[in-house]
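Below is one structure, written out as structure tokens, with a few remarks after it.
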Amino acid sequence: MHTGQEKKAPRTNGHLYPVYLAHEKDSGRHAQPSAPFLEADVQFRKKKTALEPTNHRIGFIAYTERDDLVVRVEYEPMAAGGGGQGEVILYFDRGSTRRKRHNLFGLRVKPDGSLVYEEHNYEIETLELPPAIRYRLGSDGKLQHAEFRFSLSHLRIRSEDDRVIGFNVVRILNGPDSANNLSGEFVSWSGIPGDRPAGGVGNGDLLLTRGLDDEQIIDWKEKVQAYGSTHFLQWEKRDIPDEIYELTARKRRGFTGRLSRDDVANARMKADSTEWGRAMKREIVEIADFWAAKNDDELFDLVPVGNPRALSVGQFFGDPLHGGKRTAYQVCLERPYHYYSPVTKTWWHNGMTLTNPTTGERIVLEDDGGGFVAPEGFPNPGVRYMFTASYRLFLISMLLGKPYCSVLEDKTVWPETTGEKYAAAIPNLAFAYQLTQNRNYAYKALLLAGRLAELVPYMNGNYGSGYYDTVQIAEPTTTECHWLAAYFDALDLLFDAIADVDGDLKTLFAGKPDAEGKTRTKPFCVKTAVDDMIPFVLYSCEIERTRNADWSLRYINLELLLAGYMESGKLMRRVLNEGPYSLKAKVRNNFFRDGRYSYDSFGYIVQICDQVTMMANNNYGFRDDVYFPEAIDMFENPEYGISQVVRYYSRLYCGNLTPMFGDTIADNKEPISDDRRKGKLVYSQAFEIAFARMKSLRGVLGPVLAQYDAEELLSYRVRSLFRTNVKHSMLVLALAAEWDEYQAYKGGGSNIQPSFLVEDSETSVLRAGTDARNCKHVVLYGQPSAGHKHGDKLGLWIGAYGYHLMSAVGGYPFTWLSPKFDAWEIHSAACTVALIDGKNQEPSYSKLRCHYEGEWLQVSGMENSTAYPGSHYERWCMLVQAPDLENAYVVDLVYLSGGGSFDYNTMGLDTSLDQVRFEGIADADWIPMKGTLAGEDVPLYGEPGYGWMKALRKARTDRPVSWTYRYAGAGLKVRTVPDGEAREIICCLGERGGEEMGKSRWEPFVLWRDAGEEADRRSVFAAVLEPFERKGGGAGGKDGDGEFLASVRPLTLRGHESRSARYKPVGMEIRYRDGRHKDIVIAVHEEGGKAAFVDSDGSEYTTDAKALLVRYRDGVPIALEAVGCSVVAGDTFDIARNGQTVYGTVVATDLDRREIQVELSGSLEEECMRWLPGQVALIDSPDYDKPSSYVLRDVSRQGNRLTFRSGISLINLDSDWKQPYKRMGLGTKRSVSYEGKPVVVDVKPGDSFRVWNSLRQTFRSHDGLGEEGSE
């Protein structure tokens, strides 16, 4: 019972969006000034339930004049700035559908008086101003004036019944910064907290009043305002364009999708005859039995009716009282519409009473589907918490795939919970039917599928995570696309069973309400319901695949599946090959041209790779007489890049780890799993399925699958039933090979993943070790910036022994709206980069300088001049394999200029500062610090980046020092190698990314700082990074446990020949703990420069090498390896090459064969042809922003003419492709005609070509290094 003090929280706070009455000119009703404009609150930072009026002077009037709408806007002058600062934007939502963007057009009036017309065909397209729009601009000296005339037909006002136009006027006062497009300051006529007015979200309405009397105007206005306040609740079908219906076809038979009849027969056979098949079948049948045991009424009612749905209760704000994010509540099937908070250990539900934490008022939580709006006094007033809607989506997810929200698994909280165990009802019922031929499974699956089919057309998408209402069920990025793919995959397997159960379904549905809750007037038919639903799904696909974002591929995936389901060759051709949004165009144009759909987040890349690999199953073997008389095989067709994706995917994982760049989830939480410690490559069903269908890549995938023993493979196959949104169980049963077949690919050798270069994306992955367990993975990351905008370019990641030993801490953001997102999680300060003056990096691209994969020495070098404009930023890493072959260390060289302060940034992940061991710094050397790294007077969170780091202590030293990040099973020792410079070592704490601001664990940071006031300061940071395995156990264990290096010290520089002397050469002497081995490592930065060093034993070295390794045993040199050298001389050796590089000029290219011909300059030493294949060439031109890198394949030579083939396309993109990230760093590449279309090509005749000379030599048979010889 509620007391008299309890009250209901307002759900809508009155009308959410304004209505402006646009009267006819000379009608006797005068145009009224608009209501005061409001200060937008995109990220809910102002903590108000409603937007507040602005003091900025801006307003409008609007009226109709015969066949035109006239809008006059006046606004105060502003200077132009970044992010559109000063622009005035008029948005028109034709028809006021309130669907996100794709009905909108906008006019941008820039501060200089220019005008930009945009149509939001989901992606913003800048077009010529239509004749239907006329304008004039002026000024009275105080205010600027703009008058616009719009033909009513352009606004889709075609009759007297068309009266409502979605509308808003927005002013950008401070443009969003380059890192976060949700930031910035805006004022707008319409909107509520959380709306993004500059993106066209949060529009009000223009109501055209002509022909209405006063009473009718009042009625219309109330109707429009009511609809605008509850549009997300409306249960109504949306209009589908006629052209969408033209893409549909009636399905005639089953088994036209991912699985043929033969595939299913094979799956049945393996499910009955193999141990792993029987195990998978048992799990599938158990899931199916859970749902089949429910009665028909229960299943029918389980499918939720009503809009909207939401991914979680509070996607960005957790629960109304205690904060958090989407994981704040857990739900289960067995306690419907109840929400458990694991933080407060309480159950939340409709009708419960809450206490306002500020006022003490008692408030009833009521949510009729529209959410509970937190009132003033709550931590996040104005935020809409979607309790009912999120449970609706949870139910749908349990029917179709894998839940997005958090699911309660803990039986001590609710004993009846089954958690996620029985997720994906419809797919598993379909699989069980095919494996057992039990009619009841088909009946129950079709009951659920049929009810969903008649409801989906009424659904209007998700609410609460960006308002993605272009789709039907949820949102496009992570959920609906997968669930619907699972739905149609299952329907294809059930289609032939419909005839057998249709009569029973008609009987059941006859007594049930239709989608609108009314008594049925027509008999229910599953086929008809599905056919009627398909246009709505297709419309979402057609809208979403116009996106440049990664999820557009997921809608291509779904649309390909639909084309196969309907056996529509017309649709199949359209999606595969036609237009700028076809799969062929996506492969060529989206992001980077290495054909891998590479991205600026490794966490997303692995998902994209898996998705694209599996996409080729959707039309495998598809044929029709008109469009595809020959069966489609996307796996082997190079036009679609699947082969490149699979190659990339199989090498991208670093053992069981994903390198932490961009939005990537990673941790070092103990206990580290056995799979991580063993370095087992993450299992994917895609590897097995591609192995079966891609004979050309079995040599690549076979070794990946051979790493698992028989029990592991069985376990992975069974576990994979539960881990993916789209269920691939039947494909695995049909296609997976027996364990013995994979073992034939195991072979000999080290069995570690190979090193590789992501050629067009400037990312080097270097590896060393003898097996997967001890493999060291080193990634130097130069990926061009894209949507995730982390300041991590030229970041370094090291993974080994199951740990992220050198890794950023920002990771996957806690939420996109948290201040922590742009101020810390994506900031360079949270990344393993070098910082200049503490700045965050600008969106940028990198230039590859070197990628070399040698026997004992591997090298990557990159430069980035755009991350810190006006500065120089360059990093070279060498991975050196130790004499025992199991261990390896990294030489890390960073070259910086153009700043007053340079910081070499390192950090630990899931450890603490007391677990960081320092050597070379006495306790008395430490000086306590106050405040934050941004300054002792800068409070915590007071500034982005360094303002988020607690400054603890510092020490100044010119000696080599070290610090070790220690974990239970491994460690990373960072050894500085200064050349006499006095620099600071600074200890800080920074928040763990992905956790709530102010509630996160604090991670240890150690920075090596070089600061000064010289006008042209240049710094070189030289360090040796030693990853090692700890065998003593415990993060606190014995000092030095597992370390293999004894000492690192700089060599003495005796001479340096250089034209510019920008950066001093680096030389170091590295001694091993075995007491017998010593390495000399030298790097000469300037090409053409030469350096002379002497070591502690008095041995002298002269070289011009970009990277040189000389290895000694017992005082005798046993091997050397170098890259970018023409001379390497020591006391007992003197080796010369004909120049540091092999260079020449491109004379011809073949786009079809991906072939490049080069005329070499000067003679090519014969022995060079032995080592050139597999090396990386750099092709450049003065009109390019950066050189292009190519791994040399199929190398041949005739005289001085060198020919090689590329593994990636020579085409960058279509010439008219507008997406900005793809063009970053291209410069003015040449455009040519290819297949009747202008394309930008990466290489042209006249470009320069060069490959760094390399040298490898052993001096005597020793430690398995081989007989004396050289390359």
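Values quoted throughout were computed directly from the atomic coordinates according to the rules given, and no laboratory measurement underlies them. As the structure is a computational prediction, the values presented were derived from the model and not from experiment. Every residue, glycine among them, receives a Cβ derived from its backbone with ideal geometry; neighbour counts consider all protein chains shown.
Before moving on, here are some points about what is shown:
- Shape class of the stretch 897-941 from the Cα gyration tensor (axes a ≥ b ≥ c, square roots of the eigenvalues): rounded, since a/c falls below 1.5.
- Stretching residue 1196 away from residue 1017 to a fully extended chain increases their span by 59.8 nm, per 0.36 nm per residue minus the current alpha-carbon distance.
- Dipole-positive endmost among 615, 664, 564 within the stretch 545-747 (Cβ charges, Cα centre): 664
- When both bridge partners sit in the chain, DSSP labels roughly 95% of those beta bridges antiparallel.
- Options 1189, 382, 1012, ranked by Cα towards positive dipole end of the chain, top entry (Cβ charges): 382
- 484, 893 arranged by Cβ crowding within 10 Å, fewest neighbours leading: 893, 484
- Applying 1/(1 + (r/R0)^6) with r as the Cβ-Cβ distance of residue 723 and residue 349 and R0 = 25 angstrom yields a FRET efficiency of 0.25.
- In whole percents, the pair-distance distribution calculated for the stretch 620-724 from its alpha-carbon pairs, binned every 5 Å from zero, is 2, 10, 17, 19, 18, 14, 8, 5, 3, 2, 1, 0.
- Global form of the stretch 756-1050, assessed from the alpha-carbon gyration tensor, a/c cut-off 1.5: rounded
- Neighbour counting of Cβ atoms within 10 Å sorts the residues 927, 89, fewest neighbours leading, into 927, 89.
- Scaled to the globular estimate 2.2 N^0.38 Å, the Cα spread of the stretch 19-233, given as radius of gyration, is 0.98.
- All Cα-Cα separations within the chain were binned at 10 Å from zero, giving a P(r) of 2, 8, 16, 21, 21, 16, 10, 5, 1, 0, 0, each value a whole percent of the pairs.
- Evaluated with a Cβ-only charge set (Lys, Arg +1; Asp, Glu -1), the chain carries a dipole of roughly 820 debye about its Cα centre, given to the nearest 20.
- Per-residue ³J(HN,Hα) for the stretch 542-559, Karplus 6.51 cos²θ - 1.76 cosθ + 1.60, θ = phi - 60°, Hz, x for Gly and Pro: 5, 6, 6, 6, 6, 5, 8, 5, 4, 6, 4, 5, 5, 7, 4, 4, 5, 5
- For the chain, the relative contact order works out to 7 percent when only alpha carbon pairs closer than 8 Å and six or more residues apart are counted.
- With 0.36 nm allotted per residue and the present C-alpha distance subtracted, the residue 265-residue 506 stretch has 83.8 nm of extension available.
- Multiplying each eigenvalue of the alpha-carbon gyration tensor of the stretch 1103-1152 by 5 and taking the square root yields semi-axes of 33, 12, 7 Å, largest first, rounded to whole angstroms.
- Of interest is the spacing of the C-alpha centroids, which for the stretch 804-825 and the stretch 1078-1147 amounts to 41 Å.
- Protection-proxy order for peptides 879-892, 783-796, each taking the mean of Cβ atoms within 10 Å per residue, highest first: 783-796, 879-892
- Placing pseudo-labels 7 Å out from each Cα toward the beta carbon at residue 440 and residue 1087 gives an inter-label distance of 7.5 nm.
- Given +1 at the Cβ of Lys and Arg, -1 at the Cβ of Asp and Glu and no other charges, the dipole of the stretch 545-747 around its Cα centre is 440 debye to the nearest 20.
- Separation between Cα centres of the stretch 926-974 and the stretch 637-686, rounded to whole Å: 31 Å
- Charged side chains reduced to their Cβ positions (Lys and Arg at +1, Asp and Glu at -1) give the stretch 756-1050 a dipole of some 420 debye around its Cα centre.
- Under Karplus coefficients 6.51, -1.76 and 1.60, residue-wise ³J(HN,Hα) of the stretch 1086-1095 in Hz, glycine/proline x: 7, 5, x, x, 9, 10, 10, 10, 9, 9
- Our compactness index for the stretch 456-576, the C-alpha radius of gyration over the empirical 2.2 N^0.38 Å, is 1.16.
- When 521, 832, 353 are sorted by how many other C-beta atoms sit within 10 angstrom of their C-beta, beginning with the fewest, the order is 521, 353, 832.
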